There are 2 protein chains.
Amino acid sequence: MAQNLKIIPLGGLGEIGKNMTVYEYGRNIVVVDCGVLFPDNSMYGIDLVLPDFDYIIQNQDKLRGIVLTHGHLDHIGALPYLLREIEATIYGTPLTLGLVERQLKEKNVLHRADLRVIDAKENIHLGPFHIKPFAVAHSIPDSLGFVIDTPVGAVVHTGDYKLDETPAGGRKTDLARLRELTPDGVVAMFGDSTNADRPGRTETERVVGETLDRLLAQANDKRVIITIFSSVLARIQEIMYLADKHGRKIMLTGRSLVDNVGLAQELGYLDVPKGILVDSDAGFPKEKIVVLATGSQGEPRSALNRMANGEHRQIEVGRDDLIIISGGTIPGNEEDVGQMLNKLFERGANVIYGAMETVHVSGHGSRDELRAMIETVRPQYMIPAHGEARHLHLHGQMAVDAGIDPDNVFILKNGYQWVTDGRKAWTAEALRVDDVFVDGRLIGEIGEIVMRDRHRLSQDGFIVALIPVDANNRLVGEPQIVSRGFIYLKDAESLLSASCDEIKKHYKHGAHKLQRALEDFFYRETQSRPVVLPRFIRV
Amino acid sequence: MAQNLKIIPLGGLGEIGKNMTVYEYGRNIVVVDCGVLFPDNSMYGIDLVLPDFDYIIQNQDKLRGIVLTHGHLDHIGALPYLLREIEATIYGTPLTLGLVERQLKEKNVLHRADLRVIDAKENIHLGPFHIKPFAVAHSIPDSLGFVIDTPVGAVVHTGDYKLDETPAGGRKTDLARLRELTPDGVVAMFGDSTNADRPGRTETERVVGETLDRLLAQANDKRVIITIFSSVLARIQEIMYLADKHGRKIMLTGRSLVDNVGLAQELGYLDVPKGILVDSDAGFPKEKIVVLATGSQGEPRSALNRMANGEHRQIEVGRDDLIIISGGTIPGNEEDVGQMLNKLFERGANVIYGAMETVHVSGHGSRDELRAMIETVRPQYMIPAHGEARHLHLHGQMAVDAGIDPDNVFILKNGYQWVTDGRKAWTAEALRVDDVFVDGRLIGEIGEIVMRDRHRLSQDGFIVALIPVDANNRLVGEPQIVSRGFIYLKDAESLLSASCDEIKKHYKHGAHKLQRALEDFFYRETQSRPVVLPRFIRV
């Protein structure tokens, strides 16, 4: 019996993060990527967001394997959580699996994974799926896209890519191989939409190297501190060569950077000039040192933010420092980054950031590159992926502009089941998939209700009114108010005593009506809406 | 006796907003501007932030007048609050004072102000201060900078400016007049630093007009919705001419836009083509309409955000709409704007935003313009103003690069007292100035403690533990837990009953120790730190 191919994004559509896609044919499932999402500012108190694993857990007997495009956390970071639930065989390049292995070890689930190293030219056969990788240029080495051959045709899963002609490390997106792998055409393309709102082409990584070279040449007798994403290993390699050229040692600070450099060196992805790494800059003149530090997003515990706060154990920032922020600011982090920069300037350092110099370029292709990819692949169906709604729609428009039938462009959401028999395509009833919040040790226990409460508490605080009553529900003493985050109670005696009068007036009508009356009272008096919770205490 | 000139910024240094500067000589004070700051995401539940007026209130007998540079809220928005405390004479151009008058009326304090209209060439004499305006190009018409002549020399207070050679409305920054007004040199420059981290020159407003013209020509049979700051009147003028040229009527939506257009028309700042404004687009084909709407920052109640949510009473957005976001995103608003854009795309509209087309340019000059201003003014002392610390420091560096002695560049903070006798300059002991938070009807009653509580509540919620005890402080019943924003209690029975056991174990050691024990308990169990408040109830 002829069967259909299903593509079900469990995460990564309508958001940038927690990428995870199900490919299903008959009783066979292959999953591409399994990442986390970093919470936005509306996700109060949340550490991480995971994709909803329910469909995978329910269908674990069908799972033939998990295939990884690259080692960024939005593509691999949820694996430790998935492996608490199921065992799995996981395929990826050496660097990707090196990063996965470290994560799984940390969470004590390594024994539940069967890690299989592949290279960029090695096909993987998983049931009816023949998965053929091609190299892509991205901001971490060893990144892949996949041609997934299925009985109903080939799907191109681009992964994260840019069409950089002069990438650091020299790994270009291999469009020639992509063409070779798809001699019979492509039924569907599942493509990276991250920069679908950026005109032109993303600047090449080579410009960053040239800029850093010039800045190091001009730095004279200053110490140079460069902040960088710890995964941008090709740029880290470039900085090592440049530091060597300019006669400077490199000190690493920030755990993820130390770990990643160690791992990459071990696996042969970094050529570390002999003797260049030092544990401390003590004893070296300023002009002989480059400090590589975490913190491009102003994260509270990152190395650069600790320097900004004067809390770094080894580095004290001052007039003799040139600091270079070699990382873009992720939307939502602007205020944290801005505060960190302010503090660094206040300590006397000079900081190069933002548009002042090209010290960072994106790892994702811009509109001209997305267009070129669409024209290379020429898919029958287009599924924009890896983006918020605006990016998906803009990417879809570009496919239409490139000649794809508008009816063949599918803007999906997480949980949608896209189905094709190779001749036509449709969407079947969507799965329900939720954001799974990680908050401390709690995974999935915090939901929308708690989130709404936290929002309201953040705006106006709370008031718990304790009302002593006897067995006949008669008031037998003064009500007590417990409150935080509303107003400073010591300054608000008259408001408090008026609220007690309000309680005496309304307590007989029961907790619900009393709550409403008190909410109205506080809104009338202050135009604020604290969370109000009356509690009767039987005395 | 020779006296000294003091410059005291009460707001606007170390922040972008609540600009307010004191010029003091002997028993004479002139204040330049009196604006609000819009809260950042760390100011939970705050509507507005005001400058600290204490110094003005204490010295109101010395106040000769308040002089306004232009009508943006970060320069005039705090006047209604100041006028609750004191009466004042206020000087500004017709548009600026028109905007002030409306604000004062709304807050019922108009009778406490004496509003005096000036034009760009009219000097103001206030005690020892001779205040000489010069025209500046900014994103609202009728903007001024000031040369403030004092007995110890002239100070240049630039106001907000760009050196646009082809501004909409034609009002350029009048550097020739600025030179004329300072024949004897300038003792100090107090200069706009907003874009001190942007290389080159800010693009000219003319490009925006050209882009909008082209987009309107290409819009064909689509309705065009343009979102814009309601104060960008020169661009609104341009859009009116363009709509007329392309045979479209204009519908305004959003209260501040309707108000500002009405006021500007009344005062003669807008030339409204006859019959172009319509109350509703009902009855007009889509291709005959431009909707001008508020909402470029994704503000919840703005017109465009209501359209995005399907809550606008007149406009339903869909496939036949081309939406243009003609406003930059203020840092901190990226997520709100992004969410709004996503919803508009999901409704089928096409949206042009960000870097896709030049549909917005800043009203502040970039580095080359700031440099040109420094070279025009050539002040003895440089005080970078109107910026966060990073902008002030970068602006100060530019002054040094332009040849000003580094010791003559003063990076001040709000409350600093900068003093000069015309030959040397120093800073006297700083005034203590606080952020004054407006939260609903509460002004200045919400302080740092409440803000810290709100932050903590937003992250992990709260737990109030009610512990019934008798007169001998012996437990006489089961403790009760009241909680919100921590976890969903109905799913957490075992945690709750364990916490009651913890209470029974520790309640005898008193409230303080019990609180610590419970905090430790919840952290141990959940890795979260809710606000914990035990209360003993005497039964």
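Let me have the 222 nm mean residue ellipticity of the protein assembly as shown computed from DSSP H runs of 4+ only, each contributing -39500 (n - 2.57), with the sum over all residues rounded to the nearest 500.
Numbers: 30 runs with 319 residues, N = 1078.
Helices in the protein assembly as shown give a 222 nm mean residue ellipticity of -9000 deg cm²/dmol.
For the stretch B:206-352, give the percent of accessible area contributed by carbon and sulfur heavy atoms, probe 1.4 Å, rounded to a whole number.
Working: 2770 of 6150 Å².
Carbon and sulfur: 45 percent of the exposed surface of the stretch B:206-352.
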Modelled label reach - B:Q397, point 7 Å along Cα→Cβ, the stretch A:209-246 residues with backbone N closer than 12 Å: A:219
When only Cα pairs under 8 Å and 6 or more residues apart are kept, what is the percent relative contact order across the stretch B:206-352? 29 percent
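Expressed as a rounded percentage, what relative contact order does the stretch B:448-538 have, with Cα pairs under 8 Å and six or more residues apart? Can you show the working numbers first?
Values: 125 pairs, mean separation 35.7, N = 91.
Reported as a whole number, the value is 39 percent.
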The ³J(HN,Hα) series, computed from each phi in the stretch B:44-55 with the Karplus coefficients 6.51, -1.76 and 1.60 at θ = phi - 60°, rounded to the nearest Hz and given as x for glycine or proline, is 4, x, 8, 8, 8, 10, 9, x, 7, 8, 3, 5
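Could you state the accessible area per residue of the stretch B:448-538 in Å², with a 1.4 Å probe and every protein chain left in place? Please report the intermediate quantities before stating the final value.
Details: 4520 Å² over 91 residues.
Spelled out: the 1.4 Å probe surface of the stretch B:448-538, per residue, equals 50 Å².
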What is the packing order of peptides A:125-136, A:107-118, B:518-529, A:146-157, taking the mean over residues of other C-beta atoms within 10 Å and listing the highest first? A:146-157, A:125-136, B:518-529, A:107-118
Long-range amide H contacts for B:L48: which residues qualify at under 5 Å (H placed 1.01 Å from N, peptide plane, sequence gap of 5 or more or a different chain)? B:V438
Describe numerically, in nm with one decimal, the distance between label points set 7 Å from Cα along Cα→Cβ at B:R27 and at B:D434. 3.1 nm
Considering only protein heavy atoms, what is the solvent-accessible area of B:H509 at a probe of 1.4 Å, reported in Å² to the nearest 10? 110 Å²
Please turn the phi angles of the stretch B:123-135 into ³J(HN,Hα) values with the Karplus equation 6.51 cos²θ - 1.76 cosθ + 1.60 (θ = phi - 60°), one per residue in order, whole Hz, x for glycine and proline. 7, 10, 10, 10, x, x, 9, 10, 9, 10, x, 9, 5
Leaving out ligands, DNA and RNA but keeping every protein chain, what accessible area does B:I250 have, in Å² rounded to the nearest 10, with a 1.4 Å probe? 0 Å²
Pseudo-label separations to other copies for B:E478 - Cα-to-Cβ vector, 7 Å, nm: 3.1
Of all DSSP beta bridges located in the stretch A:448-538, what percent are antiparallel, nearest 5? 45 percent
The answer for B:Y381, listing residues at least 5 apart or on another chain whose modeled amide H is closer than 5 Å to its amide H, is B:A188, B:M189
Across B:516-528, the residue-averaged tally of Cβ atoms belonging to other chains within 10 Å stands at 2
At B:K105, with labels set 7 Å past Cα in the Cβ direction, how many nm apart are the copies from this one, shortest first? 7.2
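Percent relative contact order of chain A, based on C-alpha pairs within less than 8 angstrom and at least six residues apart?
Once normalised by length, the contact order is 15 percent.
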Could you go through the stretch B:137-152 in sequence order and give the Karplus-derived ³J(HN,Hα) for each residue, using 6.51 cos²θ - 1.76 cosθ + 1.60 with θ = phi - 60°, rounded to whole Hz, and x for Gly and Pro? 7, 8, 7, 9, x, 6, 8, 10, x, 10, 9, 10, 7, 10, x, 9
Per-pair calculated FRET efficiency, R0 = 51 Å: A:W426 and B:S494 via Cβ, rounded to 0.05: 0.65
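Give me the dipole magnitude in Debye, nearest 20, for chain B about the Cα centre, with unit charges on the beta carbon: positive for Lys and Arg, negative for Asp and Glu. Intermediate results must be reported in sequence, preceding the final value.
Working: 62 positive and 74 negative charges, 166 e Å.
Taking the Cα centre of chain B as origin, the dipole is about 800 debye.
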Computed from the beta carbon distance with a Förster radius of 41 Å, FRET efficiency for A:R206 and A:R441 to the nearest 0.05 stands at 0.35
Paramagnetic reach from A:Q218 in the stretch B:174-214 [backbone N under 15 Å; point 7 Å along Cα→Cβ]: B:197-200
How about B:K505: which lysines have a C-alpha closer than 30 Å to its C-alpha, ignoring those fewer than 8 places off in the same chain? B:K490, B:K513
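From the cross-link list B:K18/B:K424; A:K62/A:K162; A:K249/A:K274; B:K18/B:K172, which pairs have alpha carbons spaced over 22 Å apart?
B:K18/B:K424; A:K62/A:K162; B:K18/B:K172
Of all trypsin sites (Lys or Arg not before Pro) in the stretch A:393-481, which ones are in loop regions per DSSP and have a Cβ with at most 14 other Cβ atoms within 10 Å? Don't skip to the end; give the middle numbers.
On the way: sites: A:K413, A:R423, A:K424, A:R432, A:R441, A:R452, A:R454, A:R456, A:R474; in loops: A:K413, A:R423, A:K424, A:R432, A:R441, A:R474.
Counting only loop positions with at most 14 other Cβ atoms within 10 Å, the trypsin sites (Lys or Arg not before Pro) in the stretch A:393-481 are A:R423, A:K424, A:R432, A:R441, A:R474.
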With the label 7 angstrom out along Cα to Cβ, how close does A:G170 come to the same site in each of the other copies, in nm, nearest first? 6.2
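Give the shape of chain A as rounded, prolate or oblate, defined through the alpha-carbon gyration tensor: a ≥ b ≥ c are the square roots of its eigenvalues, a/c under 1.5 means rounded, and otherwise the shape is prolate if a/b is larger than b/c and oblate if not. Mind dumping the intermediate values first?
Details: a/c = 2.21, a/b = 1.29, b/c = 1.72.
Oblate is the answer for chain A, as a/c is 1.5 or above yet b/c matches or exceeds a/b.
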Output the antiparallel fraction of DSSP beta bridges having both residues in the protein assembly as shown, as a percent to the nearest 5. 50 percent
With all protein chains present, calculate the accessible area of B:H138 using a 1.4 Å probe and round the result to the nearest 10 Å². 30 Å²
Under the rule of at least 5 residues apart or a separate chain, name every residue whose amide H is placed under 5 Å from the amide H of A:I323. A:I225, A:N350, A:V351, A:I352
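The values are calculated or read from the model by the stated rules, or taken from the named source; none is laboratory data. Everything quoted here is computed from the prediction, not taken from an experiment. Positions of Cβ are generated from backbone atoms using ideal geometry, with glycine treated the same way; all protein chains shown enter the neighbour counts. Just the protein is used for accessible areas: all its heavy atoms, side chains included, with ligands, DNA and RNA removed. Shrake-Rupley method; radii C 1.70, N 1.55, O 1.52, S 1.80 Å.
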